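The values are calculated or read from the model by the stated rules, or taken from the named source; none is laboratory data. Bear in mind that the values here come from a model prediction, so they are computed numbers and not experimental data. So basically every Cβ, Gly included, is an ideal-geometry build from the backbone, and we count neighbours across all protein chains shown. Please note that ligands, DNA and RNA were not included when accessible areas were found on the heavy atoms of the full protein model with its side chains. Shrake-Rupley method; radii C 1.70, N 1.55, O 1.52, S 1.80 Å.
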Amino acid sequence: MFNDKENFDIDMKNIPNHIAIIMDGNGRWAKKRGLIRKAGHKAGADTLEKVSRYAQKLGVKHLTVYAFSTENWKRSDEEVSGIMDLLRKYLDEHIKKCKKDNFKVTMLGDPLRLDTDIQEKIKTLESLTKDNTGLCLHIALNYGGRDEILRAVKKIAVDVKNGVVEPENIDENYISSSLDTEGLPDPELLIRTSGEERISNFLLWQIAYSEFVFSDKLWPDFGENDLREAIYMYQNRDRRFGGRK
Ligand code: IPE
Ligand code: IPE
Ligand code: MG
């Protein structure tokens, strides 16, 4: 599906404001090379680094990436702790170079199941980058769309109990602003790599009208031109939002 030689001619005036990516295929990338799965996750973290920079260069305002799902705890202890170690390194590196990158980093998902040192590093990185003006990079960690909705429902139930809102005044905006993505526009474009064509519990509420692009590339192989192709495909879709033209 992707042709590295071609440079996709995208309309710079119609770049999606918010792109979401399901970064899948690290394990298969490692297996193909006879490497352990952690090596695939390391390569995946390097790709995230590059893709964030490409997205920033193209003028994307929000990039939301699925890094670890509420279901990924089912994997072996060895794999989970390998991913958590890479996450610690990623956070430390970003804390060091936060001014240079100019990314504004925030986390989506329930932090409470993460080790406390990781929770601390996340808070540090969020506060150090909060005034940065470049790409807003939202990293979904221990994130599940259903878990997010469940937490929002509980929060809204407490709001009702405390008289903050009357049940009849709860509307779609109230629900949106009770989710982890509070204040963010919905993604116009959702990309999933590795050839799988499913959502795997990502952003269930927010992708109501997103355009989906499925790439056969394994995440560590995903590059600038693949991002350009996904944007090109998005720009050639006919978005109707239920209306008629
Ligand atoms: C995505 O790559 C990263 C995480 C889910 C943490 P995978 O580890 O799912 O890679 P595959 O799907 O096994 O190739
Ligand atoms: C989705 O990938 C989660 C992340 C990319 C973090 P998975 O590899 O966990 O999804 P399934 O199991 O193939 O649906
Ligand atoms: Mg996978």
Accessible area in square angstrom per residue, the chain, 1.4 angstrom probe
53 Å²
With a 1.4 Å probe and every protein chain kept in, tell me what percent of the accessible surface of the chain is carbon plus sulfur.
50 percent
Kirkwood-based Rg/Rh on the Cα set of the stretch 171-214 evaluates to 1.02
Neighbour cut-off at most 14 other Cβ (10 Å), DSSP loop, GluC sites (Glu not before Pro), the stretch 57-132
Glu71
Okay, helix-only estimate at 222 nm for the chain: each DSSP H run of n ≥ 4 adds -39500 (n - 2.57), divide by all residues, round to 500 deg cm²/dmol; what do you get?
-13000 deg cm²/dmol
Which FRET efficiency, nearest 0.05, do Leu204 and Val80 yield, Cβ-Cβ r, R0 25 Å?
0.60
Over the stretch 92-245, what is the relative contact order in percent, taking alpha-carbon pairs closer than 8 angstrom and at least six residues apart?
19 percent
Rg in Å to one decimal, and Dmax rounded to a whole Å, for the stretch 28-149 via C-alpha atoms:
14.5, 43
P(r), alpha carbons of the chain - 10 Å bins starting at zero, rounded %:
7, 29, 36, 21, 6, 1
Could you name the lysines whose alpha carbon sits less than 16 Å from that of Lys61, not counting residues in the same chain fewer than 8 places away?
Lys13, Lys50, Lys104, Lys130
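Which loop chymotrypsin sites (Phe, Trp or Tyr not before Pro) in the stretch 169-244, with loop taken from DSSP, have no more than 12 other Cβ atoms within 10 angstrom of their Cβ? Don't jump to the answer; show the numbers that get you there.
Values: sites: Tyr174, Phe202, Trp205, Tyr209, Phe212, Phe214, Phe222, Tyr232, Tyr234, Phe241; in loops: Phe202, Trp205, Tyr209, Phe222, Phe241.
When the chymotrypsin sites (Phe, Trp or Tyr not before Pro) of the stretch 169-244 are filtered for loop state and at most 12 Cβ neighbours within 10 Å, Tyr209, Phe241 remain.
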Within the stretch 168-239, list the trypsin sites (Lys or Arg not before Pro) lying in a DSSP loop whose Cβ has at most 11 other Cβ atoms in a 10 Å radius.
Arg198, Arg239
